[in-house]
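Notes for the one structure printed next.
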Amino acid sequence: MHVRAKSTAAVASTSDLKKKSNGCSSSTTSSLANGITPQTSIYTTGLSRLREHYTTSIQEDIMITSYRHHHKARKQVPEGVRVELKGNKHLKPAPRPSSPNEVPELVKIDVHCMMKEAITSKYYLLSGVMAIQSITGQTPEIIFAKKGVHNWKLRKGMPIGCRVTLKGDKMYQFLDKLVEVVLPRMKEWPGLPEGSGDGTGNIGMGFPPSALSLFPEIESNFDMYPRMTGFDITFNTTAYTNLEARLLMSGFNMPFQKSNHSRKAATAAAAQRAPE
Amino acid sequence: MSSPFIRSAVTAKTALMRAAGRPGMKKGGSTSLNGDARNDLIKKVLFDAPARPPVRLSSEDMARHETIERAWKLVRQQHKQEQAAGLARKFEMMRKANAELEATSPLLFKHSQTKERNAVFPRQLRTLTDTPPKQIWNYREATKA
């Protein structure tokens, strides 16, 4: 498993749901003089439904909702100065003043899968890698352990998981599938927690192994995957706060739980506005 | 081996295993990779698939290809510029409105700046589609709220 899976293999095994309007050439570095088209210059001309939804429907609303007329400037730490915070805290990037050029946007989605069975035999990972490739349409890279854990018999350098980073059209397609097909089918899933977010505008969520069978690509040939594995997803956005990140993801129909407290606050605010 | 998700090699399709090129399957012998022949096929697909030959174009075709790419880039650039200009216009109007409100009434301005915490788009938000949904209007849900 020391060889990274070739990207051409991913092209061969993408699902039917993906719109493949671009021709697939494999050479990446050949010069144009040879008459070989470089892979990077090929664009998909197909429509990206959720990207259009973002630009036409929700981008302006997000800009208006997250607008602050007076910017609350945090204490700026000058560059090069090392600041040590207590505990495991780390410095967070300071939010910028509201601007039409800096509306919170979804940048990338990371799909990551760690399989504990790979400790006993690395070939257990194959199923996870194939499953993630089927779901996302992109070959994941294999993750090797950074350091060993004696209790779990994990050694440094062992292949233990896989990860794929989705950007652009592929990202929107994956999110579309997630929100339209997989999440509605999940049993007794109330939505993401109300306070979810890592503090810097990214939201993460995890899936049990049963969720893998809900994806159409895997549902159709369920028998071919030896092992069903859980995985986690991280939505990386350009938002600076949890609120903005949640606002953005809710615009893509990602459901969030509403606690009783916030429901009461919403109704109270509505009641206050009504008589006026 | 208590997990319901582990399937033995016995349940896997034999034809597909032959496609994996395992000589052992014909004789019915056990295979490597955890004794699961499906792993062999997966390994082949992921790591051993032959690279596709590069697409070679003549110089004329290359020129056509480059022209098309440039034209599409230009179209996308124009769309992005239009969008950005629209956003900037709306933002400027909003900024002016806020400034005017602040000058007019500090109390109203303060109320306008306090936002509802955890504001999210409604769950009923409908993303744009080419065709209408199977159920156009849900009367029960609408009359509930």
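Remarks
- Residues of the range A:44-57 classified as among the hydrophobic types (A, V, I, L, M, F, W, C) and under 14 Å from residue B:86 (Cβ atoms), total: 0
- Residue match in the range A:118-129 (condition: surrounded by 14 or more Cβ atoms within 10 Å (Cβ to Cβ), within 30 Å of residue B:97 (Cα to Cα) and not polar (S, T, N, Q)): no
- Verdict on residue A:171 being under 30 Å from residue A:55 (Cα atoms), surrounded by fewer than 17 Cβ atoms within 10 Å (Cβ to Cβ) and not polar (S, T, N, Q): no
- Considering only residues in the range A:38-70 that are at pLDDT 90 or above and exposed (fewer than 12 other Cβ atoms within 10 Å of the Cβ), the one that is nearest to the chain's Cα centre (by Cα) turns out to be A:56.
- Residue check for residue A:26: at the interface with chain B (Cβ under 9 Å from one of its Cβ atoms), more than 24 Å from the chain's Cα centre (by Cα) and either modelled with pLDDT under 55 or over 27 Å from residue A:168 (Cβ atoms) (or both): yes
- Close pairs (8 angstrom Cβ cut-off, 6 or more residues apart or separate chains): on the phi < 0 side of the Ramachandran plot and modelled with pLDDT of 90 or more in the range B:37-53, in a helix (DSSP H, G or I) and of a type in the set (Val, Ile, Thr) anywhere: B:42/A:129; B:46/A:129
Conditions (1) over 24 Å from residue A:257 (Cβ atoms); (2) touching a Ser or Thr at 6+ places or on another chain (Cβ under 9 Å); (3) modelled with pLDDT of 95 or more; (4) among the acidic types (Asp, Glu), marked per residue:
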residue: A:198; (1), (2), (3), (4): no, yes, no, yes
residue: A:202; (1), (2), (3), (4): no, yes, yes, no
residue: A:206; (1), (2), (3), (4): no, no, yes, no
residue: A:219; (1), (2), (3), (4): yes, yes, no, yes
residue: A:223; (1), (2), (3), (4): yes, yes, no, yes
residue: A:228; (1), (2), (3), (4): yes, yes, no, no
residue: A:232; (1), (2), (3), (4): no, no, yes, yes
residue: A:235; (1), (2), (3), (4): no, no, yes, no
residue: A:239; (1), (2), (3), (4): no, yes, yes, no
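- Test: residue in the range A:174-181 that is in contact with a strand residue (DSSP E or B) (Cβ under 7 Å, 6 or more places away or on another chain), in a helix (DSSP H, G or I), of a type in the set (A, V, I, L, M, F, W, C) and within 17 Å of residue A:253 (Cβ to Cβ): yes
- Screening the range B:30-128 for helices (runs of 4 or more DSSP H) wholly inside it with 1 or more residues that are loosely packed, with under 12 Cβ neighbours inside 10 Å and more than 7 Å from every other protein chain (Cβ to nearest Cβ) returns the ranges B:59-104, B:106-113.
- Condition check for residue A:220 on (1) of a type in the set (S, T, N, Q); (2) more than 18 Å from residue A:248 (Cα to Cα); (3) surrounded by 13 or more Cβ atoms within 10 Å (Cβ to Cβ): one failure, at (3).
- Selection count where residues are at the interface with chain B (Cβ under 8 Å from one of its Cβ atoms) and either assigned to a helix (DSSP H, G or I) or acidic (Asp, Glu) (or both), scope the range A:212-260: 7
- Test: residue B:135 is surrounded by 10 or more Cβ atoms within 10 Å (Cβ to Cβ) and at pLDDT below 95: no
The values are calculated or read from the model by the stated rules, or taken from the named source; none is laboratory data. Every value quoted in this text rests on a predicted model; they were computed, and no experiment measured them. Cβ coordinates were reconstructed from backbone atoms using ideal geometry, including for glycine residues, and neighbour counts include every protein chain displayed.
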